[in-house]
Amino acid sequence: MNQSNRIGIMAAMPEELQALLDRMVDDTPVTLGGRTFWCGQLQGVEVVVVLSGIGKVAAAITTTLLLQAFEVNELWFTGVAGGLAPQVQVGDVVVADALVQHDMDASPLFARHELPGLGLSHLQAPAALIDEVVGVVAQAQPQPVHRGLVLSGDQFVASAGQVAELVQRLPGALAVEMEGAAVAQVCHAFDRPCVIVRTISDRADEAAPQDFGRFIAEVASPRSMAIVMALLSARSKR
Ligand code: ADE
């Protein structure tokens, strides 16, 4: 149905959104569903930029509107996450090649984490797209870039005990955040690709609230900016 080249860019934080708006051309605001969608161009690419909202439902609403009302063909999400795997440190970047809603539990009716009706728990991102994104992000900035499983749930994880339990329950998980798997579920429903790129702001431990706050204030938005700009520049050269 929808064959536009428009890319939807969801930012998690107002600071990240503003950094993108500062560079947008012809940006026109459209308000829908209590959100402001900014339509215009970034680096010559047609984009719709919007704040995702926090949590799975807010992000799912925003994603649905981007796909249906703004007819974006592909969706990118930039934001921060808590690191779960030991090799994933603050400042590193994680590109999700699969996403799971760690708080989905309709057992015993369905297996734990299974999305009822879909018969799966892991939402896989298209491998070729993730290859491209990992390559571009690794070129654009010096920090380590990891590719793997990202968990999402309506919970800010802030204890080493919770981290251990999540990693035991969902082995291989690299990072945890609050929106990505919901975005992926909506994109799956509409058969559209999505890319979830997260910079690690904290280690989801007891220090997470302070680390998160500091990272948002100092690092998150220039980092997201650099990632989005590198991706757009790769796209405009295609
Ligand atoms: N986003 C960034 N850090 C997070 C954490 N510790 N838990 C959930 N979402 C996050």
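The values are calculated or read from the model by the stated rules, or taken from the named source; none is laboratory data. Here the structure is a predicted model, which means the values were calculated and not measured. Glycine gets a Cβ as well: all are built from the backbone with ideal geometry, and neighbour counts include every protein chain shown. We work out accessible area using only protein heavy atoms, side chains counted, and drop any ligands, DNA or RNA first. Shrake-Rupley method; radii C 1.70, N 1.55, O 1.52, S 1.80 Å.
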Subject >> Cβ crowding within 10 Å averaged over residues, with 220-231, 126-137 ranked highest first >> reply: 220-231, 126-137
Subject >> Per residue, in Å², the accessible surface of the chain once ligands and nucleic acids are set aside, probe 1.4 Å >> reply: 42 Å²
Original post:
Roughly how many Å² of Val219 are accessible to a 1.4 Å probe, to the nearest 10?
Top reply: 50 Å²
Subject >> Rounded percent of accessible protein surface that carbon and sulfur make up, the range 1-55, 1.4 Å probe >> reply: 52 percent
Original post:
Just from its helices, what would the mean residue ellipticity at 222 nm be for the chain, if runs of 4 or more DSSP H residues each count -39500 (n - 2.57) and the sum is divided by every residue, rounded to the nearest 500 deg cm²/dmol?
Top reply: -10000 deg cm²/dmol
Original post:
Over what distance in Å are the Cα centres of the range 1-49 and the range 155-200 separated?
Top reply: 23 Å
Original post:
Quick one: Karplus J couplings for the range 103-119, per residue in order, coefficients 6.51, -1.76, 1.60, θ = phi - 60°, nearest Hz, x for Gly and Pro?
Top reply: 9, 7, 8, 9, 6, x, 5, 9, 4, 4, 6, 5, 8, x, x, 9, x
Original post:
What accessible area, in Å² to the nearest ten, does a 1.4 Å probe give for Trp76?
Top reply: 10 Å²
Subject >> Burial ranking of peptide ranges 61-69, 115-123, 168-176 (average Cβ count within 10 Å, highest at the top) >> reply: 61-69, 168-176, 115-123
Subject >> Counted charge near Phe190, where neighbours are those whose Cβ lies closer than 12 Å (Asp, Glu -1; Lys, Arg +1) >> reply: -2
